[in-house]
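Reviewing the structure listed below.
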Amino acid sequence: MVDTSEPRLGLTRDRILRAALNLADTSGVESLTMRGLGENLGFEAMSLYHHVSNKDDVLDGILDLVLDESQPPLASGVWTASVRDSAISVHRALQRHPWACTILSSPARLRPARLRYMDSLLGRLRAAGFSADTTYHAYHVLDGFIFGFSMWEANHTYTEAETSAMAAAFASTITASSYPHLVEHGQQHFSDGPIHDVSAFEFGLDLILNGLVDTLEGGSSHLSDV
């Protein structure tokens with residue numbers, strides 16, 4: 001039941017969408033309902049329909065808010081810096097809203113801002129000098145890395161308690177005599193050190209961009225020619 005004992009702010013589309021975004025971030029997008037959204041805002045669900053058409057409209061709206069937090073590649077400047085800055089901005093938006101990774105990858109949710117980003121990235125690669133065939137592959141590698149890494153990262157983010165439990169389980173089951181390299185890797189995960197100052201996403205992104213630079217400078221028309 002909606003509490004009407006205190007003055008309420010009026011409803012607007014923006015307020016509804018930002019409340020929905022917060023609910024998706026905190027409770028998961030699958031838990032988002034019109035009734036729950038209305039209760040969160042202090043209104044009956046029916047009041048929301050004066051500003052949004054339905055739940056699909058809300059989902060599209062919050063995806064647009066997520067996309068607004070990123071930037072497409074700039075048409076000016078060095079192409080690698082332009083693509084790099086854009087990729088990092090998309091990744092950071094997905095870090096803040098990990099639920100959006102899968103939905104934004106769905107053909108059913110191709111938002112205008114997403115289409116503009118795709119076209120801008122393709123155009124920036126073509127303007128850099130890549131052939132249409134190489135651009136085809138380079139685009140998929142970049143977009144797949146951005147979204148794939150973001151989804152992997154979302155599934156490998158743990159609380160302090162979960163990390164402590166995993167470290168204990170790791171130490172009791174993974175032995176140096178059987179898995180020496182895995183033990184070394186695990187110790188890096190569970191200890192402090194400068195290795196954690198390096199962004200794994202940016203490390204991987206730079207490997208891709210450096211490979212694309214080599215491809216461009218080598219004059220290859222296909223990535224497989226390198």
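Using the alpha-carbon atoms, what tilt in degrees (0 to 90, nearest 10) does helix 112-128 show relative to the longest principal axis of the chain?
Roughly 20 degrees between the two axes.
Under a point-charge model restricted to the Cβ atoms of Lys and Arg (+1) and Asp and Glu (-1), what is the dipole moment magnitude of the chain relative to its Cα centre, in debye to the nearest 20?
Dipole size: approximately 600 debye.
In region 1-82, with Lys and Arg counted as +1 and Asp and Glu as -1 at Cβ, which of these residues, 43, 22, 78, has the Cα nearest the positive end of the dipole, that is, farthest along it?
In region 1-82, that residue is 43.
Would you calculate, for the chain, the mean residue ellipticity at 222 nm contributed by helices, counting each DSSP H stretch of 4 or more residues as -39,500 (n - 2.57) and dividing by all residues, to the nearest 500?
Numbers: 11 runs with 148 residues, N = 226.
Only helices count here, giving -21000 deg cm²/dmol.
How compact and how long is region 115-226, expressed as Rg and Dmax of its alpha-carbon atoms in Å?
Cα radius of gyration and Dmax of region 115-226 are 19.3, 54 Å respectively.
Per residue of region 172-177, what does 6.51 cos²θ - 1.76 cosθ + 1.60 with θ = phi - 60° give for ³J(HN,Hα)? Whole Hz please, x for Gly and Pro, Karplus curve as stated.
8, 10, 9, 9, 5, 5
How big, in percent, is the set of alpha carbon pairs in the chain lying more than 24 Å apart?
58 percent
Answer with one residue from 98, 136, 12: the one whose Cα lies farthest towards the positive end of the charge dipole of the chain, charges on Cβ with Lys, Arg +1 and Asp, Glu -1.
Highest projection toward the positive end goes to 12.
Keeping all protein chains in place and using 1.4 angstrom, which order do 172, 86 fall into by accessible surface area, from largest down?
The ranking, largest first, comes out as 172, 86.
Calculate the length of the line joining the C-alpha centroid of region 180-212 to that of region 102-151, in whole Å.
25 Å
The values are calculated or read from the model by the stated rules, or taken from the named source; none is laboratory data. Here the structure is a predicted model, which means the values were calculated and not measured. Please note: Cβ atoms are built from the backbone with ideal geometry, for glycine as well, and neighbour counts cover all protein chains shown. We work out accessible area using only protein heavy atoms, side chains counted, and drop any ligands, DNA or RNA first. Shrake-Rupley method; radii C 1.70, N 1.55, O 1.52, S 1.80 Å.
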